[in-house]
Amino acid sequence: MQSRSRHTLFTSLAVNVGLPLVLFYVLRGAGMVQWQALLLSSAPPALHALGEAVIRRRVDPFDMFILVLLLVSAGTSVISGSPRVLLLKDAALPAALGLWILSTLAMARPFAFQFGGRLRGPEAAAVAERAWRDSAEFRGALRGLTAVWGGIELLDAVLNTVNALVLPVDVVPLVGRIESLGLIGLAAVISIHRSRSFRARHGIALFGARAEAPAKIPADA
């Protein structure tokens, strides 16, 4: 389970971060104009999303959002001739992701619980379900982490917008990726710290794959 999750994470980082960045600077080094290099370097994530939809035979709404956003920004950039329109796409993605993450606070299970489900085995999943049902502390911790992740994604969107409008076009992809990865790293550190603290106090991990009895978690009155 964990090995498959790590493989998925590395593949996502390579396709959505590494490959577009390398491709953009290779194309710019070959003399391609900025908006064309940005457009072509955006193709790998879009093609990967399309390929996943074909393989799974199921359309993921967020993948479709990426494809539609790319098409709209590409068309607008072609008409206007401005590469900054394509750069703003990189701000729209974390904005949409952040709003979606925050919207899960109103759902039966927030984003942090759903993310943890990818790391848990069947027994640990059953323990987590019981903890969610019986413990206000468990629910509150996962809702708090969901708010943290959503807020950090929105901050990433704001920074990407400023970068796209202010910085030289050729440095925006690199600066934006560094900032985004730094913010994701910050969210991960906060999540790990809070999960370890919660586990020390209550005897159950918020995200872990181990099935631990939530003996220390008091039930709601």
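Some observations on this one:
- Cβ-based net charge around Leu21, under 14 Å, with every Lys or Arg adding one and every Asp or Glu removing one: -1
- Protection proxy ranking, peptides 41-47, 87-93, average beta carbon neighbours within 10 Å, highest first: 87-93, 41-47
- Packing here is the average count of other Cβ atoms within 10 Å per residue, and on that basis the peptides 145-155, 18-28, highest first, run 145-155, 18-28.
- Within-13-Å neighbourhood charge of Ala147 [Cβ basis; K, R +1; D, E -1]: +2
- The HN-Hα couplings worked out from phi for the stretch 105-117 by the Karplus form 6.51 cos²θ - 1.76 cosθ + 1.60 (θ = phi - 60°) are 5, 8, 8, 4, 9, x, 3, 4, 5, 4, 5, x, x Hz, whole numbers, x standing for Gly and Pro.
- Three-way shape label, the stretch 108-150, alpha-carbon gyration tensor, a/c 1.5: oblate
- Overall form of the stretch 146-186 per C-alpha gyration tensor (a/c, 1.5; a/b vs b/c): oblate
FYI, it's all coordinate maths here, none of it is from the lab. Predicted model only: the values in this text are computed from it and were never measured. Cβ: placed from backbone, ideal geometry, glycine included. Neighbour counts: every protein chain shown.
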